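What follows is calculated from the coordinates using simple rules that are stated; it is not laboratory data. Computed from a predicted model, the values in this text were never measured in an experiment. Note that each Cβ is placed from the backbone with ideal geometry, even for glycine, and that neighbours are counted across all protein chains shown.
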Amino acid sequence: IQIIVWIFFVNKLEDAFSTLTPVELREKYGREKPYKDFNMTFLCRSGRRSGIAQEKAAGLGYKNYCVQLYGQLVGLGGT
């Protein structure tokens with residue numbers, strides 16, 4: 001199991017996951033670019049920002065994601 005921790009502002013997700021090459025992303029954020037079928041979990045306090053991040057990821061073609069709120073699973077998406 002590979003776990004990659006991403007901490008960033010939700011408005012940076014589209015830039016990080018769509019416009020940057022894997023090399024540019026690694027140089028800018030110090031992390032590997034996730035594959036489209038990578039399991040991702042979006043977290044935030046209220047669920048609003050994690051929901052926005054999930055919608056953006058889905059729009060970019062990412063398939064496996066969930067949204068967590070205060071440590072409780074509140075939504076599943078993808079396959």
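A few points about this structure:
- Charge tally for E32 (other residues, Cβ to Cβ under 14 Å; Lys, Arg +1; Asp, Glu -1): +3.
- For F42, the residues 5 or more places off, or on other chains, whose built amide H falls under 5 Å of its own are C66, V67, Q68.
- Those lysines that a straight Cα-Cα span of less than 16 Å connects to K56, excepting residues fewer than 8 apart in one chain: K12, K33, K36
- Judged by the mean number of other Cβ atoms found within 10 Å, the most tightly packed of the peptides 54-62, 41-49, 15-23 leads the ranking 54-62, 41-49, 15-23.
- Label-to-label distance, nm, for residues given as E55 and K36 (7 Å Cα→Cβ offset): 2.2 nm
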